[in-house]
Structures are given as structure tokens and as C-alpha cells.
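Report on one structure; see the data block that follows.
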Amino acid sequence: VAEPALDHQKRFEAAVDVIKKLPKNGLYQPSYRVMLRFYGLYKQAVCGPCNQPRPGFWDPVGRYKWDAWSRMGGMSSEGAMATYVDEMKKVAKEVLETLPVNEKTA
Ligand code: ST9
């Protein structure tokens, strides 16, 4: 039986890899909200809690990213990895369910 923490990490790495390999412009366009949610979980999993200063007025994108990361608070790295995988599965399921069925042959 595999170490549960290691298991989380493997699944997380696989999920990260899938997301990195998705085409930028596919059938499904995630909202900024969804992207920021994954971003926050990713940073928390990889870097731990956000302890950087919030970017200033001239970097609105940086501030959105910082906010998404900070929102994770003190969540553990393992918790962030597990949540990232769970939410990716949920989104993938939703996407696959809404894809048009155009292969009906019967
Ligand atoms: C489509 C296919 O339509 C339809 C069927 C698909 C069915 C399966 C669906 C699965 C759903 C998954 C949901 C997607 C949600 C998208 C989340 C995006 C975040 N995760 O190295 P950099 C950080 S597909 C989170 O410069 P890359 C990294 O730390 C059509 N964050 O860029 C850095 O921040 P900072 C839709 C990550 O490597 C910043 O991002 N296609 C991850 O060139 C930039 O990193 C898509 O949605 C990660 N895995 O790009 C494409 N990796 O600077 C989604 C890095 O602060 N993918 N970061 O350190 C992408 O947009 C990019 O691959 C990327 C990384 C942004 C995740």
C-alpha cells in the first residue's frame, strides 16, 4: 500500500501535467474564476501559504493572482494537492457532460 501523502503528490503531479498540456484554445474555456481557483491551489500546494507583499496598483493581474493564493490561508500542501485533483475531476466531468454528442450512429 502506497504512502497516502505520496499518493496525493503523484495524483497532483498528473493533474498539473494534464492542465499544462491542454490546448490554450479548446472547446472549453475556463472562466477567470476557475483559472484563479486552480492557480491558488497550485501555489499553495507547491509554495505553501502566501507570505509575499500584495502587488501594487500597476499590476492588477498580479493582485488577482495574489488574492487567489492568499485566499487559501493556512491550508496544508497535501490538502491543496488533494483539492486541486478533486476539483479538476469535477471540472473534467462537467466538460465531458456538456460536449455535444455528434457520434450517434444508432
Ligand atoms: C479544452 C479541452 O477545451 C476540452 C476537453 C478537456 C477535458 C478535460 C478538462 C480538464 C479540466 C481542467 C480545468 C482547467 C482549468 C485551467 C486552470 C489553469 C490554471 N495549475 O509556467 P507558467 C502557475 S482545453 C495552476 O509561466 P505555462 C505558475 O505557478 C481549453 N497553476 O506558464 C505561474 O504562476 P507564478 C482550455 C499553474 O507553464 C503561472 O501559472 N485550456 C499550473 O506556460 C504561469 O505559469 C486551458 O484551460 C497548473 N497546472 O502555463 C489551458 N502550472 O508566475 C490550461 C503553472 O505566480 N493551461 N501554474 O508562479 C494553461 O493555461 C497553462 O498550461 C498554465 C501553465 C497557465 C496552467
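A few points about this structure:
- With the convex hull constructed from alpha-carbon coordinates only, the chain shows a mean projected area of 9.4 nm² over all directions.
- Lys/Arg +1, Asp/Glu -1 at C-beta; segment 3-42 dipole; positive extreme among V16, S31, L6: S31
- Compared with the dominant principal axis of the Cα atoms in the chain, helix 32-47 is inclined by about 60°.
- Relative contact order (%) - criterion: Cα under 8 Å, at least six apart; region: segment 30-95: 41 percent
- Nearest 10 degrees, 0 to 90: helix 77-98 Cα axis against the chain principal axis: 30 degrees
- Using a probe of 1.4 Å on the protein chains alone, the accessible area found for Y39 is around 60 Å².
- Portion, in percent, of the accessible area of the chain that falls on carbon or sulfur, probe 1.4 Å: 59 percent
- Per-residue surface analysis assigns K65 an accessible area of about 80 Å², computed on protein heavy atoms at 1.4 Å probe radius.
- Between helix 4-21 and the chain there is an angle of about 70 degrees, using the helix long axis and the longest principal axis of the Cα atoms.
- Contour minus Cα-Cα distance for A92 and Y39 (0.36 nm per residue): 17.4 nm
- Residues in the chain average 78 Å² of solvent-accessible surface per residue, probe 1.4 Å, ligands and nucleic acids excluded.
- Positive end of the dipole of segment 30-95 (Cβ unit charges, origin at the Cα centre): among V95, G79, C50, the Cα lying farthest that way belongs to V95.
The values are calculated or read from the model by the stated rules, or taken from the named source; none is laboratory data. Note that the coordinates shown come from a computational prediction; the quantities given were computed from them, not determined experimentally. Every residue, glycine as well, gets a Cβ built from its backbone with ideal geometry; the counts of neighbours run over all protein chains shown. Keep in mind that these areas ignore ligands, DNA and RNA; they rest on the heavy atoms of the full protein, side chains included. Shrake-Rupley method; radii C 1.70, N 1.55, O 1.52, S 1.80 Å.
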